[in-house]
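The block underneath contains the structure these notes are about, expressed in structure tokens.
The values are calculated or read from the model by the stated rules, or taken from the named source; none is laboratory data. Since this is a predicted model, take the numbers as computed values, not measurements. Methodologically, a virtual Cβ is constructed for each residue, glycine included, from the backbone with ideal geometry; neighbour enumeration extends over all protein chains shown. Only protein heavy atoms, including side chains, enter the accessible area calculation; ligands, DNA and RNA are left aside. Shrake-Rupley method; radii C 1.70, N 1.55, O 1.52, S 1.80 Å.
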Amino acid sequence: MANEVKFDTREEVDFAIIGSGSAGGILAKELSTAGFKVVVLEQGPYRKASDFNHDELSVFVRGELLGGHNDVHGQTFRQTENDIADRPDVQPARYARNVGGSSVHFTANFWRLRPVDFKERSLLGPIAGTNFADWPITYEELEPYYTKVDWEIGVSGEPGPFDAPRSKPFPMPPMPIKSSGVLMERAAKKLGLHAQPEPHAILSQPHNGRAGCISCGYCMYYGCEAGAKSSTLAAMIPLAEASGNCEIRPDSTVIRIDTNDQGRASQVVYLDAAGTEQAQKAKAVVLSANGAESARLLLMSASPQHPDGLANSSGFVGRNLMHNAHSAVNGVFEYPLNDYKGVQVSRIIHDFYETDEQRGFYGGGGIDARPLFSATPIFHVLAGRDPNVPRWGKQFKETMAHDFTRQMSVVGSTTSLALDSNNITLDPESKDAWGRPAIRETYMDHPDDLAMAGFLEDRAAEILDAAGAVKSWRRGIHPTNGGEHLLGTCRMGDDPASSVVDSKHRSHDVPNLFVCDGSSMVTSGRGQPTMTIMALAFRAADHIKAAAGNGDI
Amino acid sequence: MKNIGKLSRRHFLQSTGSLTGAAYFRLLGPGIVAITQAACSAKEAQAAFKVLTASEASDFAAIAARIMPTTDTPGATEAGVVYFFDNAFAAEMSTELSDAREGLAKFNAALDKAHPDNAGFDTLSEDAQDAFLKTQQTGYFFNLSWAMTMFGFFSMEKYGGNKDQLGWDLIGFEGSHGAWQYPFGHYDAEVHAETKHGE
């Protein structure tokens, strides 16, 4: 690249950004194109679109984009602090390790939050034993940035009947309807529900110099070789690099943020690709490493001045982890859907988005129809095949041969309540391959979250029935053992006693440290958080640019 | 690496938190999740095995052939799944090989008890093989054989099984090659046709 720039680690750049994912990639582009000198430290490699493949054994089984499995990362999991954490084979907190972060491998379902998500605590009142709270910002304040995501990142869609107000239309039409969407739409009509097109961070047509989707079917868990998925790798990183002000430094594993005598962040200490310790000096640090890694790094950056971890005078770093709960009901139909082709989801139902006190519990959610377990063969045989059929032999084989193309899942995604007891801490014993204390996740879904997942599972069963499924089965509702949605662990708020960053993502404790990613979210939304993480990043960038312009970083 | 033995439907179903793949592999050991990318050179029947002896290979091939049997359509035999076993045991699953051999020895000891005059699992009738397998279908060895049969049958041909992509053909999965045009299936075809006529 003509504008490729390298900074010396001893040169004090304006911003060191930790993480290049949904938030970090946007902040890198916004700050560098505004003229600031930026170094982005990314722990994973720099994969390009041409590096992505459809190899299920490598990507799905070996965890190629996750940076391998838990023998490398050492994460541990327990349900409550009274349990002994075990070290499962797959990481409980899962995210892609590469430039672009998890925006590279996510499914690209892309919902805005609604006004109610920001003020639900005021509307519904407190929920005992939880940290249920209002956001310090409103939907109206975030709306311009949702619109910015629509147009700059690239979102396909069409407004639905319950959508939040938008200041501009979608920049491009929704992805075409699939058989799963047709079936769910038919069922919705019968049941008096409203199926609407799914918004995607996937280009339905060329946009901003990028190509449109080729419907290869490998959205969920895979990188997009066409660059049509609106990852920050595809949409933001090239602009950041073209500014001549931004160096993306892959294979850089951060181990500490150092602070000086004034209590300000002074440098970011990391291991380079060779494992050699380096330290990048910066005027300010932006932490966008995701809700698990950002919390770990702040806790790892404890010092005599900050004994409980950096930016953690509230004790809220790592707390309030929210994954969103899920349900899935599988159905098989008379004729082939071939739903493994194309994007996962083409229709969603948002009739149950808002909390309905008549249900007897807090929460809301969304429903979608998608191949899920019948998108690829190995996933199907391991997790999606008919459980009422033996798992080997002639009947097994015939069932696989019949069901794979005829199957779909109706999936529910729900709210998660913020709890002290659901958190990220440093494991006292387990280490990752770089010698860092491993992420220890403690998590037990709140009963209301499981109740909401169960409610949506019941609705999904009705939908499959109304859609004419010849057979269907439930997966059942169980407490989770990890997740990809890593939300709430450095929440934003006006009160420094109960939040980590202020409404502009500046940490309450360290004036030149900003935290912006899924950890900023105060509530979980209804299950598709990336759109909101990206909108928050655009908004944070505006505030950080303004502050830097005033010499206030 | 015994955790492969925990691989079961029950465990998969308990992993409900995630709607992506990784959750379903939390009980698989690094051996099985790190199966080699080594290119297959042993797809032809006469090709030599890298680590399996001829007798081990025929046992594994016969077990795989009952898990994914040949019927009026091809099964594990035609897909060359045993070459996937051999490739995997020769490389990143090499740590699994001694446990697998131990498992196979126990399997054969049980077989000798059930059929004192047998000349090998592969020589039994299909019905006798199935009946015996039903007595062995839990535990480490069967689960390992099952998982490797699935991975061999449904992973890319370069790993040694799924010869000529017939594993994918069996289930109607038209490969991983890339771009598709709407409509994809029966139900959206009706809608896309209506839309076209309406335009």
ask   = Is at least one residue of segment B:57-75 touching a residue at least 24 places away in the same chain (Cβ under 8 Å), out of contact with any helix residue (DSSP H, G or I) (no Cβ under 6 Å at 6 or more places or on another chain) and of a type in the set (D, E, K, R)?
value = no
The lone exception for B:SER145 - which of (1) in contact (Cβ under 8 Å) with a residue 60 or more places away in the chain; (2) within 23 Å of A:THR405 (Cβ to Cβ); (3) among the hydroxyl-bearing types (Ser, Thr, Tyr) it fails = (2)
inquiry  = Just the residues that are within 14 Å of chain B (Cβ to nearest Cβ) and open to solvent by 10 Å² or more (accessible area, probe 1.4 Å), please, taken from segment A:207-216.
reply    = A:ALA211, A:GLY212, A:CYS213, A:ILE214, A:CYS216
query = Within segment B:156-172, which residues are open to solvent by 20 Å² or more (accessible area, probe 1.4 Å), assigned to a helix (DSSP H, G or I) and facing chain A (nearest Cβ under 7 Å)?
reply = B:LEU170
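Output the residue which, of all residues in segment A:78-102 that are outside any helix (DSSP H, G or I) and among the polar types (S, T, N, Q), is nearest to A:ALA228 (Cα to Cα).
If we filter segment A:78-102 for residues that are outside any helix (DSSP H, G or I), which is where we start, we get A:78-100.
Then keep just the ones that are among the polar types (S, T, N, Q); that gives A:79-80, A:82, A:91, A:98.
Numbers: A:GLN79: 38, A:THR80: 41, A:ASN82: 46, A:GLN91: 28, A:ASN98: 17 Å.
Checked segment A:78-102; the qualifying residue nearest to A:ALA228 (Cα to Cα) is A:ASN98.
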note = Reported set for segment A:494-528 where residues are closer than 29 Å to A:HIS326 by Cα, open to solvent by 10 Å² or more (accessible area, probe 1.4 Å) and not hydroxyl-bearing (Ser, Thr, Tyr) is A:GLN528
ask   = When the residues of segment A:81-102 are filtered to those that are basic (Lys, Arg) and over 30 Å from A:GLN196 (Cβ atoms), which remaining residue is most open to solvent (accessible area, probe 1.4 Å)?
value = A:ARG87
request  = Using the structure shown, decide if A:VAL5 is among the aliphatic types (A, V, I, L, M) and either on the phi > 0 side of the Ramachandran plot or open to solvent by 10 Å² or more (accessible area, probe 1.4 Å) (or both).
outcome  = yes
task = Just name the residue that is farthest from A:ILE477 (Cα to Cα) out of those in segment A:290-316 that are open to solvent by 10 Å² or more (accessible area, probe 1.4 Å), in contact (Cβ under 8 Å) with a residue 12 or more places away in the chain and part of a loop (DSSP other than H, G, I, E, B).
result = A:GLN305
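Could you tell me whether A:THR33 is open to solvent by less than 40 Å² (accessible area, probe 1.4 Å), in contact (Cβ under 8 Å) with a residue 12 or more places away in the chain, farther than 11 Å from A:VAL286 by Cβ and touching a strand residue (DSSP E or B) at 6+ places or on another chain (Cβ under 9 Å)?
Numbers: open to solvent by less than 40 Å² (accessible area, probe 1.4 Å): no; in contact (Cβ under 8 Å) with a residue 12 or more places away in the chain: yes; farther than 11 Å from A:VAL286 by Cβ: yes; touching a strand residue (DSSP E or B) at 6+ places or on another chain (Cβ under 9 Å): yes.
When the stated conditions are applied, A:THR33 does not pass them.
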Subset of segment A:365-384 [touching a strand residue (DSSP E or B) at 6+ places or on another chain (Cβ under 9 Å) and outside any helix (DSSP H, G or I)] = A:GLY365, A:GLY366, A:ILE367, A:ASP368, A:ALA369, A:ARG370, A:PRO371
key: Search result, residues across segment A:210-233 that are part of a strand (DSSP E or B) and within 16 Å of A:SER102 (Cα to Cα)   = A:LYS229
request  = State which residue pairs qualify: first residue more than 14 Å from A:ALA548 (Cα to Cα) and inside segment A:504-526, second residue open to solvent by 10 Å² or more (accessible area, probe 1.4 Å) and part of a helix (DSSP H, G or I) in any location, beta carbons under 7 Å apart, and separation of 6 or more residues or different chains.
outcome  = A:ASP517/A:ILE533; A:GLY518/A:ILE533
Wholly enclosed strands (runs of 3 or more DSSP E) of segment A:387-457 bearing at least 3 residues open to solvent by less than 10 Å² (accessible area, probe 1.4 Å), farther than 30 Å from A:LYS178 by Cα and not aromatic (Phe, Trp, Tyr) = A:437-442
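Kindly evaluate B:GLY175 against the criterion of being more than 8 Å from chain A (Cβ to nearest Cβ), under 18 Å from the mean Cα position of the chain (by Cα) and open to solvent by less than 20 Å² (accessible area, probe 1.4 Å). Break it down into steps so the answer makes sense when it comes.
Values: more than 8 Å from chain A (Cβ to nearest Cβ): yes; under 18 Å from the mean Cα position of the chain (by Cα): yes; open to solvent by less than 20 Å² (accessible area, probe 1.4 Å): yes.
Considered against the rule, which asks whether it is more than 8 Å from chain A (Cβ to nearest Cβ), under 18 Å from the mean Cα position of the chain (by Cα) and open to solvent by less than 20 Å² (accessible area, probe 1.4 Å), B:GLY175 comes out as yes.
Do we find that B:GLN136 is more than 30 Å from A:TYR218 (Cβ to Cβ) and surrounded by 15 or more Cβ atoms within 10 Å (Cβ to Cβ) in this structure?
On the way: more than 30 Å from A:TYR218 (Cβ to Cβ): yes; surrounded by 15 or more Cβ atoms within 10 Å (Cβ to Cβ): yes.
Yes; evaluated as a whole, the condition is true for this residue.
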ask   = Considering A:TYR362, A:TYR353, which residue is at negative phi, away from chain B (no Cβ under 12 Å), in contact with a Leu (Cβ under 8 Å, 6 or more places away or on another chain) and not in a strand (DSSP E or B)?
value = A:TYR362
task = Identify the residue in segment A:43-66 that is open to solvent by 30 Å² or more (accessible area, probe 1.4 Å) and over 17 Å from A:GLU225 (Cα atoms) and, among all such residues, is farthest from the other protein chains (Cβ to nearest Cβ).
result = A:GLN43
ask   = Only one of these conditions is not met by A:GLY74: (1) within 14 Å of chain B (Cβ to nearest Cβ); (2) open to solvent by 10 Å² or more (accessible area, probe 1.4 Å); (3) at pLDDT 95 or above. Which number is it?
value = (2)
ask   = Residue check, B:GLN181 against (1) assigned to a helix (DSSP H, G or I); (2) over 21 Å from B:SER58 (Cβ atoms); (3) not small (Gly, Ala, Ser), all met but one. Which one?
value = (1)
ask   = Which of the residues spanning segment A:458-480 are within 14 Å of another protein chain (Cβ to nearest Cβ), open to solvent by 40 Å² or more (accessible area, probe 1.4 Å) and farther than 18 Å from A:ASN423 by Cβ?
value = A:GLY468, A:VAL470, A:ARG474, A:ILE477, A:HIS478
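Give me the strands (runs of 3 or more DSSP E) completely within segment A:234-284, filtered to those with at least 1 residues that are without any contact (Cβ under 8 Å) to a residue 60 or more places away in the chain and open to solvent by less than 50 Å² (accessible area, probe 1.4 Å), ordered by residue number.
On the way: elements: A:246-249, A:253-259, A:265-271.
Ranges flagged: A:253-259, A:265-271.
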Failed item in (1) over 22 Å from A:LEU113 (Cα atoms); (2) in contact with a strand residue (DSSP E or B) (Cβ under 7 Å, 6 or more places away or on another chain), with A:HIS194 passing the rest = (1)
ask   = Which pairs have Cβ atoms under 7 Å, sit 6 or more apart or on different chains, and link a residue in segment A:376-388 that is touching a residue at least 60 places away in the same chain (Cβ under 8 Å) to one that is part of a loop (DSSP other than H, G, I, E, B) and surrounded by 20 or more Cβ atoms within 10 Å (Cβ to Cβ)?
value = A:THR376/A:TYR340; A:PRO377/B:PHE173; A:ILE378/B:SER155
task = Using the structure shown, decide if A:ASN330 is closer than 23 Å to A:GLU398 by Cα, of a type outside the set (D, E, K, R) and open to solvent by less than 10 Å² (accessible area, probe 1.4 Å).
result = yes
task = Residue by residue through segment A:37-62, note down the ones that are over 19 Å from A:SER20 (Cβ atoms) and not in a helix (DSSP H, G or I).
result = A:ASN53, A:HIS54, A:ASP55, A:ARG62
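Out of segment B:78-105, which residues are β-branched (Val, Ile, Thr), within 14 Å of chain A (Cβ to nearest Cβ) and crowded, with 17+ Cβ neighbours inside 10 Å? Spell out how you get there, then give the answer.
We begin by selecting, within segment B:78-105, every residue β-branched (Val, Ile, Thr); these are B:81-82, B:95.
Filter once more, so that each one left must be within 14 Å of chain A (Cβ to nearest Cβ): B:81, B:95.
Listed by number, the list holds a single entry, B:VAL81.
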